[in-house]
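Here is the structure we will look at, set down as structure tokens.
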Amino acid sequence: MQDITDKYTSKEYKLSRRAYITECMFEYLVALLVADAFIAKLLKYLGASDALCGVISSLISLSFLFQIFSVLVMGRIRNMKKTAIIFHAAAQFLFSCLYLIPFLRADNGARRGIFIACILCAYFGNYFVTTLIYKWGNTFVDPHRRASFSSLKEMVSLFTGMIVSLALGYAIDQMDKSGDLTRGFLLSSICMFIFCAADLICLLLIKNDKKTETETVPPPKLSEIMRNTFGNRNYVKTVILKCLWWGGVYTTIGFLGTYKQEELFYTLAQIQIINIIACGCRFAISKLFGRFSDKHGFVRGIQLALTILAAAFTVNMFTAPNTRWLIIVFVVLYNISQAGTYQNMINITYAFVDVRYFVQAAALKDCIAGVFGFLCALGSGRLLAAIQANGNKLFGIPVYAQQVQSAISLLFVIAAFLFAQFALSHEKTMLQ
């Protein structure tokens, strides 16, 4: 036991943990600029409709399908660190190129096509190695403190994200007002290039632990992987739980970027101020969520977060131009819930699946949940288009599509909470 403790307190393990935390921070900064109001601003500039903006913003869920490739080739990868760095770095730099598309000499239809191709390729590179990097980074974390470490990692990312999103949001708004929005896109691209370079440096600093080298351990056969994932009923339950959660998230979230700007009349800077307030609340509660999950288990942590998420979608059902301030309450509650769902949904894999199959299990789970989330987004996009085409009415009742979407999301979240309670809360978990 003493040797294990000494290992986690060693200088190289501490350096690797710090590098991993910092890498996650820079990755988060890039992710901020390809989500929500930022990406909606770019898509509207390229002439995309509200429904198309929502569907494209939800491509992230479909992109998790790319993780299936990591399951198929995992046994053939000889150098995990090298592979992770190559694919992740290429993906991050490709994300930064998205904001250079407005400078291409082509019509908006062609630009949108290039945008979709670029973002899909970027997500492929990113999610091909995402579970690998997660397992690699967590190799240097004490299993007894995994949830607490995850919350610390999240807090660092959130704090930096608040500053960057506000500064960039304000700068882009000013350039937009001066009639030179393309300068704002160029600024975004330059910042993303800087974040990508810093991300790469951090990955290089993480120790290439021998446990991540497949040549030291015979790779499991596909039949063995299937037996220890889909042959494990508790693992299948975690997949269903994540599907329900993502069904709720992707039915609504991808369509709020344009809603905030067009129907609720918020500027990009104002949206970032709201996001900062929400991230501040998530920052304040993140450590508590980590301690709660370490003490009571990942399932209870998820249930607590789902309760807050249900309250968020309930509030958003009543958010309209005359009650536009309610979007602030929604964003705050949604972000607080993320402190309990995001990391716990990943960590729960450790509780029910042998760590030898963590990468494959996490990848398969994300693939299935990602496809389900994207299908929900597609259906939600069709619903939004139909309601808008009908003059913002449903069955003759005046309503905004995002309010109806939030009601559907609420049903998904309630179903997820009940499923966690009856299917997973009483199952035996593993500490590894």
Given the criteria surrounded by fewer than 17 Cβ atoms within 10 Å (Cβ to Cβ) and out of contact with any His (no Cβ under 8 Å at 6 or more places or on another chain), does GLY391 qualify? yes
Would you point out which residue out of THR238, THR229 is more than 22 Å from the chain's Cα centre (by Cα), under 30 Å from SER148 (Cβ atoms) and buried (at least 20 other Cβ atoms within 10 Å of the Cβ)? THR229
Among the residues of the stretch 401-432, what is the count of those that are open to solvent by less than 60 Å² (accessible area, probe 1.4 Å) and part of a loop (DSSP other than H, G, I, E, B)? 3
If we keep only residues of the stretch 182-192 that are hydrophobic (A, V, I, L, M, F, W, C) and either surrounded by 17 or more Cβ atoms within 10 Å (Cβ to Cβ) or at pLDDT below 85 (or both), then the residue farthest from the chain's Cα centre (by Cα) is PHE185
How about the stretch 270-280: which of its residues are at pLDDT 90 or above and within 25 Å of ALA416 (Cβ to Cβ)? ALA278
Looking at GLU12, GLU27, which is the one that is under 13 Å from the mean Cα position of the chain (by Cα), part of a helix (DSSP H, G or I) and within 20 Å of VAL141 (Cα to Cα)? GLU27
Just to be sure, is ALA377 modelled with pLDDT of 95 or more, aliphatic (A, V, I, L, M), in a helix (DSSP H, G or I) and more than 23 Å from GLY297 (Cβ to Cβ)? no
Please give the number of the condition GLU262 fails out of (1) surrounded by fewer than 24 Cβ atoms within 10 Å (Cβ to Cβ); (2) within 22 Å of ALA363 (Cβ to Cβ). (2)
Condition test on LEU120, is it at pLDDT 85 or above and over 18 Å from the mean Cα position of the chain (by Cα)? no
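Every residue, every condition in (1) in contact (Cβ under 8 Å) with a residue 60 or more places away in the chain; (2) over 27 Å from HIS296 (Cα atoms); (3) in contact with a Leu (Cβ under 9 Å, 6 or more places away or on another chain), yes or no:
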site: PRO102; (1), (2), (3): yes, yes, yes
site: ALA110; (1), (2), (3): no, yes, yes
site: ILE116; (1), (2), (3): yes, yes, yes
site: ILE119; (1), (2), (3): yes, yes, yes
site: ILE133; (1), (2), (3): yes, no, yes
site: SER150; (1), (2), (3): yes, no, no
Would you call VAL331 part of a helix (DSSP H, G or I), in contact with a Phe, Trp or Tyr (Cβ under 7 Å, 6 or more places away or on another chain) and of a type in the set (Val, Ile, Thr)? no
Of everything in the stretch 42-72, what is modelled with pLDDT of 85 or more and either open to solvent by less than 40 Å² (accessible area, probe 1.4 Å) or of a type in the set (Phe, Trp, Tyr) (or both)? Give them in sequence order. LEU42, LEU43, TYR45, LEU46
Cβ pairs under 8 Å, 6+ apart, first in the stretch 364-384 and free of Cβ contacts under 8 Å to residues at least 60 places away in the same chain, second open to solvent by 10 Å² or more (accessible area, probe 1.4 Å) and hydrophobic (A, V, I, L, M, F, W, C): LEU383/VAL404
Are any residues in the stretch 73-92 open to solvent by 10 Å² or more (accessible area, probe 1.4 Å), part of a helix (DSSP H, G or I) and modelled with pLDDT of 70 or more, and if so, which ones? MET80, LYS81, LYS82, THR83, ILE85, ILE86, PHE87, ALA89, ALA90
On the basis of being among the acidic types (Asp, Glu), on the phi < 0 side of the Ramachandran plot, at pLDDT below 85 and open to solvent by less than 70 Å² (accessible area, probe 1.4 Å), does GLU154 make the cut? yes
Give the residue, chosen from THR267, THR214, that is more than 22 Å from the chain's Cα centre (by Cα), surrounded by fewer than 24 Cβ atoms within 10 Å (Cβ to Cβ) and either under 24 Å from ASN138 (Cβ atoms) or at pLDDT below 85 (or both). THR214
If you scan the stretch 96-111, which residues turn out to be among the hydrophobic types (A, V, I, L, M, F, W, C) and either within 17 Å of ILE56 (Cα to Cα) or surrounded by fewer than 11 Cβ atoms within 10 Å (Cβ to Cβ) (or both)? CYS97, LEU98, ILE101, ALA110
Of the numbered conditions (1) on the phi < 0 side of the Ramachandran plot; (2) modelled with pLDDT under 90; (3) open to solvent by 20 Å² or more (accessible area, probe 1.4 Å), VAL332 fails exactly one; give the number of that condition. (2)
Residue pairs meeting the criteria (Cβ under 6 Å; at least 6 apart or on separate chains; first over 23 Å from LEU394 (Cα atoms), in the stretch 308-333; second assigned to a loop (DSSP other than H, G, I, E, B)): none
Here is a list: ALA311, ALA305. Which entry is in contact with a Leu (Cβ under 7 Å, 6 or more places away or on another chain), among the hydrophobic types (A, V, I, L, M, F, W, C) and either within 26 Å of GLN174 (Cα to Cα) or assigned to a helix (DSSP H, G or I) (or both)? ALA311
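The values are calculated or read from the model by the stated rules, or taken from the named source; none is laboratory data. The shown structure was predicted, so the numbers you read here are calculated from the model rather than taken from an experiment. No Cβ is skipped: glycine too gets one built from the backbone with ideal geometry, and neighbour counts run over all protein chains shown. Note: accessible area is taken over every heavy atom of the protein model, side chains too, but ligands, DNA and RNA are not part of it. Shrake-Rupley method; radii C 1.70, N 1.55, O 1.52, S 1.80 Å.
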